[in-house]
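What follows is calculated from the coordinates using simple rules that are stated; it is not laboratory data. Since the structure is predicted, the reported quantities are computational estimates derived from the model, not experimental observations. Methodologically, a virtual Cβ is constructed for each residue, glycine included, from the backbone with ideal geometry; neighbour enumeration extends over all protein chains shown.
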Amino acid sequence: MKNERSEPSYRPITSYPPGALVRSSDICRDPRRGYAGILPIDRSTWHRWVKSGKAPAGRSLAGTSTRVWEIEAVRSLGTSTS
């Protein structure tokens, strides 16, 4: 067997339907995965924006610690910060 590096089995979603809920991993860029993200910011910047009130607080999914944000709110931040 060859010791080849396999490509990830997932591809990031690039278009979201209205009302979609997205996680910070979808919002923020990730240079290691080669993913640009919805906004061209790092996770630390995103969490700083949430803490300062520049970005909405998001909401927790029931029974988990996962936080999600509505795609419309994230997109509006992208147009207002550009």
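General observations
- Summing charges over all other residues whose Cβ lies under 11 Å from the Cβ of Leu39, with Lys and Arg as +1 and Asp and Glu as -1, gives +1.
- Contour minus Cα-Cα distance for Arg67 and Ser52 (0.36 nm per residue): 3.7 nm
- The fewest-to-most ranking of Val74, Val68 by surrounding Cβ atoms within 10 Å reads Val68, Val74.
- Here the 3J(HN,Hα) profile of segment 45-51, calculated from phi with Karplus coefficients 6.51, -1.76 and 1.60 at θ = phi - 60°, is 5, 4, 5, 5, 4, 5, 5 Hz, Gly and Pro shown as x.
- Convex hull (Cα only) mean projected area of segment 21-81, reported in nm² to one decimal: 4.2 nm²
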